[in-house]
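Participant: Let me begin by handing over the structure; questions about it come next.
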Amino acid sequence: MINKQKTMLEKIAREHGTPVFIIDHKKIRENYNEFREKLPEVQAYFAVKANSNPEIIKTMYDMGASFDVASFPEFMLVYDNIKHLPEEERQDFIWNKIIYANTIKPAEVLAKLNAYKILVTFDNIEELRKIKKYAPDVGLVLRIRVPNTGSMVELSSKFGAHPGEAVDLIAEAINFGLGVEGISFHVGSQCNNFDNYSQALNFASSIFKEAQLRNYHIGFTGKEEKKRKILDIGGGFPVKYTPDVKSFSSLSEKLNSEIKRLFPIDDIQVIAEPGRFIVATACTLITKIVGKAVRDGKTCYYLNDGVYHTFSGQVFDHQPYPLHSIKGGVKKVCATFGPTCDAFDTISLADELPEDLQIDDLLYAENIGAYSIASSTHFNGFPPAKIVHLNKL
Ligand SMILES: *Cc1c(COP(=O)(O)O)cnc(C)c1O
């Protein structure tokens, strides 16, 4: 980080105190534009769970994004942006630009969702029975289980119908009188292995073919009065936290050519659910040293943010966030701890920071926008970091 940026961080910390979580909306817009440019045929549904800050949702809404929500409160966060629209436009937005992509939905949530006739995912017969009973008017997308090999966050043990059962489930849904509009998958979050996408696309293509052979019609009737199937390629698009992560350009090129090869373009609507890719690089956390000790010859810094808070991603998302110091100095291995009275609240036992930092000195972590503040707790009486917005339009 250049000195000018460090000066800006110091200024923000002085003005707002610490810990402070900075959201740069310009970077969010750039990330969304990059996604759109490199996957021009793919409609991007921002996965709200990566960072559900209402101002981020507003920025995405203003950019014309679509949304992947996975709980009723997340749906309402998006709905807040459209509630002023005339009813017909609002309903069109829900139909065309929101997917409820949690395959498991409590009965009472289904009953509420039914009124919006929203698109939802499912992956098992029990869920279909619930949907038939509580939400017969929603549209359905079947989530299939696909390889998550080498992805940072594995999802295939929890979600997805086995591809071998897929057409039987589609048949059940259609026999229940429900509408199946497409197929979805998720290759695992922070996926650095293109084979996952490739295999998933092959599964989806075979399932569409088998369904057609068995005369089960998948698809929705769009404005052009033509049956279109939804192919939802999920999330997983990797962020270059470290140099070894492959570039998004190389992934998008492969995706574009595989999609073209496997799916005749005019009867498929391809959608994706990027979460991390949109928000990770747009956020920076500033924290402060509040205590210092030397234990077994190692310098230990105690900070006012930790793994129960903005660094929660280190636990749930398996993503390390190296700390940097605003002050220069010769770096040495040190330990960094969060503020709570739990030894689990350890950010790192091997951070590299100047050894002569003092209490009140500032540290920062970059690329910390995804699955971080979203899963911060209030444990031990410490509230989540204060949020500051930059470059909002
Ligand atoms: C979490 C999630 C996403 C977002 O995944 P990223 O790897 O952050 O892009 C997309 N779709 C579903 C169904 C999810 O659960």
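The values are calculated or read from the model by the stated rules, or taken from the named source; none is laboratory data. The structure displayed is predicted, hence computed values, not measured ones. Here Cβ is always computed from backbone atoms with ideal geometry, including for glycine, and neighbour counts include all displayed protein chains.
Participant: More than 21 Å from PHE220 (Cα to Cα), within 16 Å of the ligand (Cβ to nearest atom) and in contact (Cβ under 8 Å) with a residue 60 or more places away in the chain - does that describe any residue in segment 154-161?
Facilitator: The answer is no; no qualifying residue exists.
Participant: Restricting to segment 263-317, name every residue that is over 17 Å from the mean Cα position of the chain (by Cα), at pLDDT 95 or above and not assigned by TED's automatic domain parsing to the domain that holds ASP360.
Facilitator: VAL270
Participant: Are any of the residues in segment 84-104 in contact (Cβ under 8 Å) with a residue 60 or more places away in the chain and in contact with a Phe, Trp or Tyr (Cβ under 9 Å, 6 or more places away or on another chain)? Walk me through it before giving the result.
Facilitator: We begin by selecting, within segment 84-104, every residue in contact (Cβ under 8 Å) with a residue 60 or more places away in the chain; these are 99, 101.
Filter again for in contact with a Phe, Trp or Tyr (Cβ under 9 Å, 6 or more places away or on another chain), leaving 99, 101.
Taking every residue of segment 84-104 in turn, at least one turns out to be in contact (Cβ under 8 Å) with a residue 60 or more places away in the chain and in contact with a Phe, Trp or Tyr (Cβ under 9 Å, 6 or more places away or on another chain).
Participant: Can I ask one more? Specify which of the listed residues (LYS105, LYS49) is within 14 Å of the ligand (Cβ to nearest atom), modelled with pLDDT of 95 or more and assigned to a helix (DSSP H, G or I).
Facilitator: LYS49
Participant: Which ones in segment 184-204 are away from the ligand (no atom under 13 Å from the Cβ) and either at pLDDT 95 or above or farther than 20 Å from GLU154 by Cα (or both)?
Facilitator: Those that are away from the ligand (no atom under 13 Å from the Cβ) and either at pLDDT 95 or above or farther than 20 Å from GLU154 by Cα (or both): SER198, GLN199, LEU201, ASN202, PHE203, ALA204.
Participant: Just one of (1) under 29 Å from ALA107 (Cα atoms); (2) out of contact with any strand residue (DSSP E or B) (no Cβ under 6 Å at 6 or more places or on another chain) trips up ALA65, so point out which.
Facilitator: Of (1) under 29 Å from ALA107 (Cα atoms); (2) out of contact with any strand residue (DSSP E or B) (no Cβ under 6 Å at 6 or more places or on another chain), only one is false for ALA65: (2).
Participant: One residue is enough: does segment 213-220 have a residue meeting the conditions closer than 17 Å to ILE99 by Cβ and either among the charged types (D, E, K, R) or without any contact (Cβ under 8 Å) to a residue 12 or more places away in the chain (or both)?
Facilitator: no
Participant: Here is a follow-up. For GLU74, state whether it is touching a residue at least 12 places away in the same chain (Cβ under 8 Å), in the same structural domain as ASN256 (by TED's automatic domain parsing), under 13 Å from the mean Cα position of the chain (by Cα) and in a helix (DSSP H, G or I).
Facilitator: Considered against the rule, which asks whether it is touching a residue at least 12 places away in the same chain (Cβ under 8 Å), in the same structural domain as ASN256 (by TED's automatic domain parsing), under 13 Å from the mean Cα position of the chain (by Cα) and in a helix (DSSP H, G or I), GLU74 comes out as yes.
Participant: Please verify whether LYS4 is at pLDDT below 95 and not in a loop (DSSP other than H, G, I, E, B), treating the condition exactly as stated.
Facilitator: Yes; evaluated as a whole, the condition is true for this residue.
Participant: Do we find a residue being loosely packed, with under 15 Cβ neighbours inside 10 Å, more than 29 Å from the chain's Cα centre (by Cα) and either modelled with pLDDT of 95 or more or among the small types (Gly, Ala, Ser) (or both) anywhere in segment 359-368?
Facilitator: Yes.
Participant: Does at least one position in segment 254-262 carry a residue that is within 16 Å of the ligand (Cβ to nearest atom), of a type in the set (S, T, N, Q) and in a helix (DSSP H, G or I)?
Facilitator: Restricting attention to segment 254-262, the residues satisfying the condition of being within 16 Å of the ligand (Cβ to nearest atom) are 255.
From what is left, the residues that are of a type in the set (S, T, N, Q) are none.
There is no residue in segment 254-262 that is within 16 Å of the ligand (Cβ to nearest atom), of a type in the set (S, T, N, Q) and in a helix (DSSP H, G or I).
Participant: Please give the number of the condition GLY177 fails out of (1) surrounded by 17 or more Cβ atoms within 10 Å (Cβ to Cβ); (2) more than 16 Å from the ligand (Cβ to nearest atom); (3) not hydroxyl-bearing (Ser, Thr, Tyr).
Facilitator: Unmet condition: (1).
Participant: Here is a further query. Among the residues of segment 325-345, which ones are outside any loop (DSSP other than H, G, I, E, B) and either more than 28 Å from MET8 (Cα to Cα) or under 25 Å from the mean Cα position of the chain (by Cα) (or both)? Explain how you work it out, then say what you get.
Facilitator: So the first thing to find is which residues in segment 325-345 are outside any loop (DSSP other than H, G, I, E, B), and the list is 325, 331-337.
Within segment 325-345, no residue meets the criteria.
Participant: Turning to a different aspect of this structure: Test ASN96 against the criterion of being in a loop (DSSP other than H, G, I, E, B) and of a type in the set (S, T, N, Q), and give yes or no.
Facilitator: Criteria not met by ASN96.
Participant: I'd like to verify a number: residues in segment 52-70 that are hydrophobic (A, V, I, L, M, F, W, C) and not in a helix (DSSP H, G or I), how many?
Facilitator: 5
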